[in-house]
Amino acid sequence: MDFLSKIIELFSTEKYMDSIWEGLKLTLTISILAALLGLVLGVIVALVGMAKDSWAMKLPKLLCKIYITIIRGTPMALQLFIMAYVIFAIRGFPLVITATIAFGVNSGAYVAENIRAGILSVDIGQTEAGRALGLTGATTMAKIVIPQAIKNVIPAIGNELIALIKETSIVSMIGMYDLTMAAKIIGSGNNMASYIVPMAVVALFYLAIVYLLTFGIKLIEKRLRAGDKR
Amino acid sequence: MISVKNIYKDFGKLRVLDGVSCDIKDGERVVIIGPSGSGKSTMLRCMNLLEEPTYGEVWIENDLLTAPDPYLHFDVIRKSKTYSSLMKSAKAAAPGKSEEELDTEIIAKIKKEDLLKRFEGGEYSKALSEINKESRIDINLARRNMGMVFQHFNLFNNMTVLQNLTLAPLELKLKTKEEAEKTAMELLARIGLEDKANEYPSRLSGGQKQRVAIVRALAMNPKVMLFDEPTSALDPEMVGEVLELMKDLANEGMTMVVVTHEMGFAREVADRVIFMCEGKIAEEGTPDEIFSNPQNPRTKQFLDSIL
């Protein structure tokens, strides 16, 4: 009964609810902005990485390779610290932007690899048929390969978005007030003096967000696959 | 129509084409046969540059598709530094010989030992870019005139049958939407598949897919059709309908190059049969000569093993 009364206490105390909303807003802001940045970066890096070898593309391709290797090879928390305490260590620089860039840049590397895998999953024969008709490489890519690749990429990108949302919880490490931080503060000795209730409630918030996202992705996937059987 | 000049194709260390030359004349039906791994598909794919030859040239009428191969142009070789230094030392070594004699010898030596380097001086580069400027054609332009049919059909899975047929004419702005769709429907009517116009390829049988793939190529009004084992991936009962359509095309006078294992088709339709083996043309002739009286023991062996 103690647990139930604590839940009621949490939901009925205005300052606790304000904390949670505040945290939720920040978590969603960083997630959405970082996801957009990650998608844009990912598409660019994937296309550059897959471009034909040529003299002009050598340096960009190398940079993309280094980017993916470093981002995927180092911990997210460390990347966040470097962004916050080294690269954007400027007094008054908004932390939201720092975090967005850190997570966006991180996500971009994974999205790039997902897109690359999706494009490679389209049979090379599709490209050959397009080129044999006299279409340019770019037209073949845009009209034939990418529409087919998207279907294969959506589930992987969905996974990446889910991982990204949950990973934003580490922004509390650079002192930002997100959903996880809210739970920690509400549970501390000055407030409810019990962690279990706020933690459980916040866990439900994360679950709800991820569930909604999963549902949306399934819907998109279903609509894209409809063309297969028509 | 198509001229393949001394092409070599290396995949890494593996030499798949080992100096192949052939001319496809206007209206000619050429069938290429040979054991698997003999390079016949690679040669066909070199004709429209889906595979880029390592050495050698491919010409379509008066247009050069590949980069010019210096070894095929003696006057280019003569402008190289290697040639002039060899000529100098040869003259010193054998002062009695005439210039023409030395010239033939040196060119033969350069070709045989692959002596040309990347930088052979300004005159040499100028001669090469001269050929480029005069004859080289944009590959995308050249491919419009060459229909290609693949073993695995390669219909665009994300498009309906009709869109498959109209994509290239529309994207290349060769026809208006109405014209392209009208031609496409006529072509589909020809193969009896008008009712499938709005279906996706996944709903067609193998034979239907391949026939759609053939008319997709025809929608571009090609001057020549290249077939890469068009019936090899089909169930036996569907081979007939595809061969029938190909015979129709042949009777209309379409220039065709066909890589196939269908010896009956080769015998019936081909003007010339080319037997390839180990990356070379081992034997070529009329179907009668090849099938009834093969000269090369390898041809004989191959035909015995499949007939």
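Brief remarks follow.
- Debye intensity ratio in log₁₀ form over the Cα atoms of region B:169-228, taken at each q of 0.12, 0.28 Å⁻¹: -0.29, -1.27
- Antiparallel %, DSSP beta bridges [both residues in region B:150-307], to 5: 50 percent
- Take every pair of alpha-carbon atoms less than 8 Å apart whose residues are at least six positions apart; their mean separation over the length of chain B yields a relative contact order of 25 percent.
- Average beta carbon contacts from partner chains per residue of A:120-132, 10 Å cutoff: 6
- The mean number of partner chain beta-carbon atoms within 10 angstrom of a residue's beta-carbon across peptide A:140-147 is 3.
- Aspartates and glutamates whose Cα lies under 16 Å from that of A:K65, excluding same-chain neighbours fewer than 8 positions away: A:D53, A:E113
- Principal axis box of region A:4-63, alpha-carbon based, largest edge first, Å: 68, 18, 13
- Euclidean distance between Cα centres, region A:1-52 to region B:241-276, Å: 64 Å
- Of all DSSP-defined beta bridges confined to the protein assembly as shown, some 55% are antiparallel rather than parallel.
- Note on chain B: Kirkwood hydrodynamic radius from all Cα pairs is 21.5 Å, rounded to one decimal.
- The Rg/Rh ratio of region B:103-170, with Rg taken over Cα atoms and Rh as the Kirkwood radius over Cα pairs, comes to 1.27.
- In terms of overall dimensions, region B:211-291 has a Cα radius of gyration and Dmax of 13.1, 35 angstrom.
- Along the axis of the charge dipole computed for the protein assembly as shown (Cβ charges of +1 for Lys and Arg, -1 for Asp and Glu, origin at the Cα centre), the listed residues A:P94, B:I60, B:I24 are led at the positive end by A:P94.
- Considering every alpha-carbon pair of region B:1-157, the percent of pairs per 10 Å bin, from zero through the bin containing the longest distance, is 9, 32, 31, 18, 8, 2, 0.
- The ellipsoid that matches the Cα gyration tensor of region A:110-212 has semi-axes, each √(5λ) in whole angstrom, of 48, 12, 8, with the longest given first.
- C-alpha long axis of helix B:236-251 to longest principal axis of chain B, angle in °: 70 degrees
- Calculated FRET value between B:H261 and B:K182, using beta carbons and R₀ = 35 Å, to 0.05: 0.45
- Entry note, chain A: relative contact order of 27 percent, from Cα contacts under 8 Å with a spacing of 6+ residues.
- Taking every DSSP helix (H) stretch of at least 4 residues in chain A, weighting each as -39,500 (n - 2.57) and dividing the sum by the residue count yields a mean residue ellipticity at 222 nm of -25500 deg cm²/dmol.
- Residue range of chain B that is longest and free of trypsin sites (Lys or Arg not before Pro) which are both DSSP loop and sparsely packed (at most 14 other C-beta within 10 Å): B:174-307
- For the residue pairs A:K6/A:K218; B:K97/B:K280; A:K58/B:K112; B:K196/B:K247; B:K209/B:K300; B:K81/B:K112, the C-alpha atoms sit more than 27 angstrom apart in A:K6/A:K218; B:K97/B:K280; A:K58/B:K112; B:K209/B:K300.
- Distance between the pseudo-spin-label points of B:D138 and B:E61 (7 Å out from Cα toward the beta carbon): 1.7 nm.
- Extension reserve of the A:T74-A:Y211 stretch, reckoned as 0.36 nm per residue once the Cα distance is removed: 46.5 nm
- Theoretical FRET efficiency, 1/(1+(r/R0)^6), r = Cβ-Cβ of A:I87 and A:S188, R0 35 Å, to 0.05: 0.65
- Exceeding the 23 Å Cα-Cα cut-off - candidates B:K25/B:K133; B:K88/B:K117; B:K5/B:K223; B:K173/B:K223; B:K133/B:K175; A:K143/B:K177: B:K25/B:K133; B:K133/B:K175
- Between B:S85 and B:N221, the modelled labels are 5.4 nm apart [label points 7 Å from Cα along Cα→Cβ].
- Average beta-carbon neighbours from other chains, 10 Å sphere, peptide A:40-53: 0
- Chain A gives an Rg/Rh value of 1.09, both radii derived from C-alpha positions and Rh following Kirkwood.
- Kirkwood hydrodynamic radius over Cα pairs of the protein assembly as shown, then Stokes diffusion coefficient at 10 °C and 1.306 mPa s, in µm²/s: 56 µm²/s
- Loop GluC sites (Glu not before Pro), region B:199-307 (other Cβ atoms within 10 Å of the site Cβ: 10 or fewer; DSSP): B:E252
- Once both labels are positioned 7 Å from their Cα atoms along Cα-to-Cβ, the gap between B:F11 and B:T286 label points is 3.6 nm.
- Equivalent-ellipsoid semi-axes for region A:1-105 (Cα gyration tensor, √(5λ), whole Å, largest first): 41, 16, 12.
All of the numbers you see were taken from the coordinates with simple rules; none came from a lab. None of the values given here were measured: they were computed from a predicted structure. Because the Cβ atoms are built from the backbone with ideal geometry, glycine has one as well, and the counts that use them run over all protein chains shown.
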